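Just below is one structure, and these are the notes that go with it.
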Amino acid sequence: PRREGREVLDVGSGSGLPGIVIAACRPDLHVHLAEPMARRVEWLEDVVDNLGLDNVTIHQARAEELRGKGKADAVTARAVANMSKLVRMTSKLIAPGGSLVALKGRRTPIEVEEASAELRRHHLRAEIHEVPSIMEDESTYIVVCTRVR
């Protein structure tokens, strides 16, 4: 059942990033964690229980298996797939006016360019935000793909 408030779906949640962090920092959001691997789901359940997060629902499923079960205002992903595949996997899970937010690495500009046809086909507009790292030599990139219709 859909709770009041905004819905976030973190696909490939394995390590809990960014889904667990979002849930902990934003108790007003309902965060769904989707992870197909049983051992990772068990770990996520332990973390959610230990942190006392009552705004999290865990789904042992691939993103594609959640189609038709509701849409999220924001879909997040980190280290899941290249942008073209990620758009195909998640597009039907994004609510009207919603966004896909992907944490990506150094190939981001190339991946977004390679995904341009896929982004258009799924009515998404991508913006790339570079976030310099104070711990590593490489920047992290946040790609925000907003549904345009």
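The values are calculated or read from the model by the stated rules, or taken from the named source; none is laboratory data. Keep in mind that what you see is a predicted model, and the values were worked out from it rather than measured. Cβ coordinates were reconstructed from backbone atoms using ideal geometry, including for glycine residues, and neighbour counts include every protein chain displayed.
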*Regarding Ser15, is this residue within 17 Å of Arg147 (Cα to Cα), under 14 Å from the mean Cα position of the chain (by Cα) and either polar (S, T, N, Q) or surrounded by 14 or more Cβ atoms within 10 Å (Cβ to Cβ) (or both)?*
no
*Kindly list, by first and then second residue, each pair from a residue in region 106-134 that is under 22 Å from Asp73 (Cβ atoms) to a residue that is among the charged types (D, E, K, R) and surrounded by 12 or more Cβ atoms within 10 Å (Cβ to Cβ), limited to pairs with Cβ atoms under 8 Å and residues at least 6 apart or on different chains.*
Glu118/Arg88; Leu119/Arg125; His122/Arg88; His123/Arg147; Leu124/Arg147
*Out of all the residues in region 93-114, which are touching a strand residue (DSSP E or B) at 6+ places or on another chain (Cβ under 6 Å) and among the basic types (Lys, Arg)?*
Lys104
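Considering Thr146, Thr140, which residue is closer than 21 Å to Leu17 by Cβ and of a type in the set (Val, Ile, Thr)? Explain how you work it out, then say what you get.
Working: Thr146 fails: closer than 21 Å to Leu17 by Cβ.
Answer to the selection: Thr140.
Please give the helices (runs of 4 or more DSSP H) falling wholly within region 52-149 in which 1 or more residues are within 13 Å of the chain's Cα centre (by Cα) and under 23 Å from Gly14 (Cα atoms). Please lay out each step first, then the result.
Numbers: elements: 83-90, 108-114, 116-121.
Of the helices (runs of 4 or more DSSP H) lying wholly inside region 52-149, those with at least 1 residues that are within 13 Å of the chain's Cα centre (by Cα) and under 23 Å from Gly14 (Cα atoms) span 83-90.
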*Would you mind telling me which numbered condition in (1) under 26 Å from Leu29 (Cα atoms); (2) among the aliphatic types (A, V, I, L, M); (3) at pLDDT 95 or above Leu66 fails?*
(3)
